[in-house]
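Encoded as structure tokens, the structure appears first; notes follow it.
The values are calculated or read from the model by the stated rules, or taken from the named source; none is laboratory data. All of these numbers come straight from a predicted model, not from anything done at the bench. Virtual Cβ from ideal backbone geometry, glycine too; neighbours counted across all protein chains shown. When the accessible area is computed, the model is the full protein with side chains, heavy atoms only, and any ligands, DNA or RNA have been set aside. Shrake-Rupley method; radii C 1.70, N 1.55, O 1.52, S 1.80 Å.
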Amino acid sequence: YTEAWNKDKTMVHVMPDTPEILLAKQNQLNYSQKMYRLALEESKKKGHDLRFDAIPIQAARASREIASDYKYKEGYRKQLGHHIGARNVEDDPKMVWSMHVAKIQSDREYKKAFEKTKTHFSSPVDMLGIVLAKKCQGLVSDIDYRHYLHEWTCLPDQNDVIHAKKAYDLQSDNCYKSDLEWLRGIGWVPIGSLDVEKAKKAGEILSDKIYRQPPDTIKFTSVTDSPEMVLAKQNAETMNKV
């Protein structure tokens, strides 16, 4: 594949000052990493002089000291060992204040005075407040609110009892349908009656089996030389050839 090109490429000569060659050389200079860093390499060879008191150096040092964790904790390290703790809890005001807050928030301390004083008081039983509380308790109580009726008996031949029984019988569903219960099973319809024949006829009309006759039950023969059969045979032969 490349044999013809290898023979011809030595016979072609391109002038070095053509626009395409000049453009390719310029693009090579633009994309060259060496030319891109040439100015930097030349400046490195010449060297540079940067004083320690220059503004960028001072700004960099200040930023480093601000970000330095060592400088951040320098004041804390200087204070280590210079403070002596309180000899007891009462000498430290912060600890005293913390204990005071804990006592205020403690439920035990909150009820301490009440537990001490609750056994020192006695109230008479017939005091107005006690009597009023008992009366309110009796009004609110469910036991006193519900008074169950006493059990009593009545004679079965009383007019009220007889009237109640009659009313219950009138409202009873069992008594209302008692006439229907003894009629069940008594009814009979003869086989050849008009209603039975109408029901049979309606069943035959609605029967899907009788309405739709299967094709395989119908006996028929087809003519072999009919146009439809001839066309079907030709179509089958054409499809087989394809």
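Structure summary
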quantity	calculated
Lysines whose Cα lies under 20 Å from that of Lys209, excluding same-chain neighbours fewer than 8 positions away	Lys198, Lys200, Lys201, Lys219
Coarse-grained scattering of region 58-130 at q = 0.26 Å⁻¹, given as base-10 log I(q)/I(0) from a Debye sum over alpha-carbon atoms	-1.11
Candidate lysines - alpha carbon under 23 Å from Lys44, same-chain residues fewer than 8 apart omitted	Lys34
Extended-chain gain in nm, criterion 0.36 nm per residue less alpha-carbon gap, Glu228 and Met11	70.2 nm
Size of region 173-242 as Cα extents on the principal axes (Å, biggest first)	88, 30, 13
Cα-based reach from Lys165 at 18 Å (exclusive), listing lysines while leaving out same-chain residues under 8 positions away	Lys177
Accessible area expressed per residue, the chain, with surrounding protein chains retained (probe 1.4 Å, Å²)	104
Residue-level accessible surface for His163, protein heavy atoms, 1.4 Å, Å²	130
Angstrom value of the Kirkwood radius, inverse mean 1/r, which spans all Cα pairs in the chain	41.0
Distance between modelled label sites at Lys166 and Gln58, nm, 7 Å Cα→Cβ extension	12.5
P(r) tail fraction, region 86-184 - alpha-carbon pairs more than 18 Å apart, %	80
R0 of 45 Å, Cβ-Cβ distance Ser106-Arg146: FRET efficiency to nearest 0.05	0.50
Region 33-141 - percent of accessible surface contributed by carbon and sulfur, probe 1.4 Å	59
Mean projected area in nm² (Cα convex hull; one quarter of hull surface) for region 1-121	27.9
